[in-house]
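> Mind having a look at this structure? Questions to follow.
The values are calculated or read from the model by the stated rules, or taken from the named source; none is laboratory data. As the structure is a computational prediction, the values presented were derived from the model and not from experiment. Cβ sites come from the backbone with ideal geometry, for glycine too, and all protein chains shown count toward neighbours. The protein model used for the area step is the full one, side chains on, heavy atoms only, and it has no ligands, DNA or RNA in it. Shrake-Rupley method; radii C 1.70, N 1.55, O 1.52, S 1.80 Å.
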Amino acid sequence: MKIVTWNCNGAFRRKFESIKHMDADILIIQECEDPVRSKDIAYINWASNYLWLGNNKNSGLGVFAKDAISLTLLDWETQGLESFIPFLANDNLTVLAVWTKQANSPTFQYIGQLWKYLQVHKSKLPLAQAVVCGDFNSNACWDKWDRWWNHSDVVSDLQKLEIHSIYHHLKQEIQGKESSATFYMHRKIEKPYHIDYAFTSKNLLASAQLEIGNPAEWLRLSDHMPIIFEIA
């Protein structure tokens, strides 16, 4: 299965054609419009099999799949945390789509949102068939010593479930010391950060492949690079 996660930086109705050539089975897109409330006919027709979540019809978290892929939304309580779409793909792969946000939280912002979400739902992630991916807005280099819910704590919680970062497994790099960026602040090549991730179950790592989009191609469209990965 080929999955792409990409923060499109808005106006996905004008950008989905640019990602179609990847022929992904599932696209997980942050900052995209709600198709049902869009006025763009081409976008509406293209988004024939999807899930979407958001407080703003123009900027939410979307999951788009080929018509042959079944998407089943899982009934996991959000508890006001933002933004997560848990779903089953083809009734056998549990996927947690992620776009962490500030969420008007004075304490648990961004990675804190994911940490809290995992405390409630991590027991529901199966050991053998799970994917957690998306825009975490976080990196281990920003860990704070006096927090118990740092980026590294989230990674540790997932590792205890035998769910690991595909990028770090393949590149043999440690969290916070990544050589490749997924985000360029203000679309400036001199401001690179690694804040988007794809995690999967340990038994799927051996067959996993992953590629990060080239900024020479993608910076014209977004400040984030797409992460393209495959699992068997």
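> How much space per residue, in cubic angstrom, does the convex hull of the C-alpha atoms of the chain take up?
Details: hull volume 28.3 nm³, N = 232.
Residue-normalised Cα hull volume stands at 122 Å³.
> Right, another one. Relative to the Cα centre, what is the charge dipole magnitude of the range 1-96, using +1 at the beta carbon of each Lys and Arg, -1 at the beta carbon of each Asp and Glu, and rounding to the nearest 20 debye?
380
> Ok, one more. Between residue 217 and residue 55, what is the label-to-label distance in nm when each label sits 7 Å out along the Cα-to-Cβ direction?
In this crude spin-label approximation the distance works out to 3.5 nm.
> Further question: For a quick check of understanding: with a 1.4 angstrom probe and all protein chains in place, what accessible area in square angstrom does residue 142 have, to the nearest ten?
About 120 Å², rounded to the nearest 10.
> Here's something else I'd like to know. Can you tally the net charge around residue 226? Count Lys and Arg as +1, Asp and Glu as -1, for every other residue whose Cβ sits under 10 Å from the Cβ of residue 226.
Net local charge, residue 226 excluded: -3.
> In a shell of Cβ-Cβ distance under 9 Å around residue 100, excluding residue 100 itself, what net charge do Lys and Arg (+1) and Asp and Glu (-1) give?
Overall, the nearby charge balance is -1.
> Keeping every protein chain present and rolling a 1.4 Å probe, give me the accessible area per residue for the chain in Å².
46
> Of the candidates 59, 138, 180, which one comes out as most mobile in a Gaussian network treatment of the chain with C-alpha springs shorter than 10 Å?
Its mean-square fluctuation being the largest, the pick is 180.
> Bin all alpha-carbon pair distances of the range 19-155 at 10 Å intervals from 0 and give each bin's fraction as a whole percent.
11, 40, 33, 13, 2
> HN-Hα J couplings of the range 109-124 from phi, Karplus 6.51/-1.76/1.60, θ = phi - 60°, integer Hz, Gly and Pro as x?
Whole-Hz 3J(HN,Hα) from phi for the range 109-124: 8, 6, 4, x, 5, 5, 4, 5, 4, 5, 4, 7, 10, 4, 5, 8.
> Assuming 0.36 nm per residue, please report the length gained on full extension of the stretch residue 162 to residue 186 beyond their Cα-Cα distance.
My answer for the length gained is 5.1 nm.
> Under a point spin-label approximation (7 Å from Cα along Cα-to-Cβ), what is the residue 203-residue 147 distance to one decimal in nm?
Each label point lies 7 Å from its Cα, and together they span 3.4 nm.
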